[in-house]
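For reference, the structure discussed in these notes is given below.
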Amino acid sequence: MLSPKVHGALNQQINAELASEYLYLSMAAYFESQDLKGMAHWMVVQAGEEHQHAMRIFDYVNDRNSRVNLSAIESPKAEWTSALEVFTDAYAHEVKISAMINELMNLVAMERDGASHDFLEWFAREQVEEEASAQLIVSQLKRVGDSGVGLHLIDQQLGQRGAK
Ligand code: MG
């Protein structure tokens, strides 16, 4: 069984991962509205990864003989003014999620829950990749600035993203 504090925090993290999925789907919908199909595709793949993150915790909570409690998912932001603004938001979002994972790791250490600490290490490593991939795209978008050709090339490149 998980301690009440760890149980509550993991349920909250399931909600945060599902809210991330929802945010990335909202970003995909925005890109579809702009006919940036490659970026929309990238966001759909990203949303799928967030779903997997949520399910990883869902399964873990069950494995620890504790009950998963699902709570309401906030409506995601839906409007942006540029691809750069979207990816800047995505990067900031991943930084926020990394901070949540670090908080969780502190909590499980205080609760002397070694198994949960071990479980969360995968997420801490995953966040390094999540931040790096969003940051790289922000950097590329800044470099091309207002160039339509540049935006088109990045859109094509992001359309190649495979599912993990
Ligand atoms: Mg995630």
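Please determine, in degrees from 0 to 90 and to the nearest 10, the orientation of helix 83-110 with respect to the longest principal axis defined by the Cα atoms of the chain, where the helix direction is its Cα long axis.
10 degrees
Any chance you could count the Lys pairs in the chain whose alpha carbons are under 27 Å apart, treating pairs 8 or more apart or on different chains as valid?
Pairs that pass both the separation and distance tests number 11.
Based solely on C-alpha atoms, express the radius of gyration and the Dmax of the chain in angstrom.
For the chain, the Cα-based Rg and Dmax read 17.2, 55 Å.
Pick from Ala28, Ala72, Ala83: which residue has the top mean-square fluctuation in a GNM of the chain where Cα pairs under 10 Å get a spring?
Between Ala28, Ala72, Ala83, it is Ala72 that shows the largest mean-square fluctuation.
Could you tell me which trypsin sites (Lys or Arg not before Pro) in the stretch 71-150 are loop residues by DSSP with no more than 12 other beta carbons within 10 angstrom of their beta carbon?
Here the trypsin sites (Lys or Arg not before Pro) that fit, given the DSSP loop and packing criteria, are Arg112.
In degrees between 0 and 90, to the nearest 10, how far off the longest principal axis of the chain does helix 4-33 point, with axes built from Cα atoms?
Roughly 10 degrees, rounded to the nearest 10.
Any idea what angle helix 114-144 forms with the longest principal axis of the chain, computed on alpha-carbon atoms, 0 to 90 degrees, nearest 10?
The angle comes out at about 10 degrees.
How high is the relative contact order of the chain? Use alpha-carbon pairs under 8 Å, at least six apart in sequence, and give a whole percent.
That works out to 31 percent.
Using a 10 angstrom cutoff on alpha carbons, build the Gaussian network for the chain and name the most mobile of Glu21, Glu79, Glu131.
Glu79
Based solely on C-alpha atoms, express the radius of gyration and the Dmax of the stretch 86-164 in angstrom.
Gyration radius and largest Cα-Cα distance of the stretch 86-164: 16.7, 54 Å.
Bear in mind these aren't lab numbers, they're just calculated from the coordinates by the rules spelled out. Remember, predicted model here, so these are calculated numbers, not experimental data. In this analysis, Cβ positions are derived from the backbone assuming ideal geometry, glycine residues included, and neighbour counts consider all displayed protein chains.
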